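Structure first, commentary second.
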Amino acid sequence: MAALPVPLPSAKMAAVEKRRQAVAQATSFTDSGRPGVPRAAATAESEEDFLRQVGVTEMLRAALLKVLEARPEEPIAFLAHYFENMGLRSPANGGAGEPPGQLLLQQQRLGRALWHLRLAHHSQRTAFNNNVGVAYECLSASGRKKKPGLDGRTYSELLKRICRDGEAPEEVVAPLLRKIQCRDHEAVPLAVFRAGMLTCFVLLEFVARAGALYRLLEDPGLAVADRRLGQAVLDTLEGALQASDDTAPARYLEAGSRLGPDSLALAMDRALVARRPSAPMTREEFLEKAAALFIAKVKPVG
C-alpha cells in the first residue's frame, strides 16, 4: 500500500500563523507605545532587585570575601559554619528570637567572636583587623535589657578563652591578663579591644616558639634542660627584645626571630665552658621566664 503524501501548509494556515506572530509582537508594547521588557528579563531583574533589597547579595559577597581571606581547606564546611552562626552578629537578635537565658546568649556570642578572630592570622593585618571589628560588633549587640557596647567583663572573658584555647599554661598567661584586662563595668572601645586581641594572639605564638626552642635544649631521657643552656638562651632572647624599641606586639616576634643559630650557638658554648654541675630547668620554668620577657614590653591598659 502506498504511503499517503504529507499535506503541505495551506494558504489559510499560513495566514493564521502570520496573524499570531503579529499579535505576539503587539503585546510586547506597553500602553504608551514603547517596547515592553520581555517577561523573562523582567523576572530576572525583579529577582535580582529582591536579593539586593533584602541583603542577600551583600551577605553572599561578604561570605565569599571571608573564604578568600581564610582560604580554608574545606570551603563548603567553612561557609556552612559561617551561615549557621550568622544570626548572632545582628544587634537586633535579642528580642523575640533570643535564646532562653542571657548567659547562653553571651556564651554563643563569645563563641561567634572567637570564630571570627581565628579566621585570619594576626600577620594578615587587614583581614585580622576586619575580623576584630566583626567580633567587636558581635559582642556589642544589644538585647532587650542591655545597651549597645562592650563591657570589661565580656572583654576579659574573651581574653581568657583565647589563652585557654591556645593551650598556654595558665601561670604563663595570667600576668598578661592582669595587665590588659578592664574592670567589669568599664566600657571597652574598639582600639583597646583590638590591641588586647592582638597582644593575646602574639603571646600565644611567642610561647609556642619558646616551647619549640626548649625541645631543642632538653635532654630526651630526663625531659629537662640544662639550666646553663636555658638561661643562656633566655639572656640572648632578652637582649633581642630590648634592642627593639617598637611597642607593637608583633614586633616582639620579629625580634625573637632574629636570634640566628650562630648567636644561640655562641651563647650555649659559653654556658658550657664551665664544667661544674648545673641544676635542671623545667619546661614550665623556661616558658614562664620567656613569657615574662614578652609581657614586660606590653603596656598596661589605661
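The values are calculated or read from the model by the stated rules, or taken from the named source; none is laboratory data. This one's a predicted model, so the numbers in the text were calculated from it and none came from an experiment. A quick note on method: Cβ atoms are made from the backbone with ideal geometry, for glycine too, and the neighbour counts reach across all protein chains shown. Heavy atoms of the whole protein, side chains included, go into the accessibility calculation; ligands, DNA and RNA do not. Shrake-Rupley method; radii C 1.70, N 1.55, O 1.52, S 1.80 Å.
When you check ALA62 against the structure, is it modelled with pLDDT of 90 or more and in a helix (DSSP H, G or I), yes or no? It is false that ALA62 is modelled with pLDDT of 90 or more and in a helix (DSSP H, G or I).
Per this entry, PRO100 is not counted among residues that are open to solvent by 20 Å² or more (accessible area, probe 1.4 Å), in a loop (DSSP other than H, G, I, E, B), modelled with pLDDT under 75 and within 25 Å of LEU159 (Cβ to Cβ).
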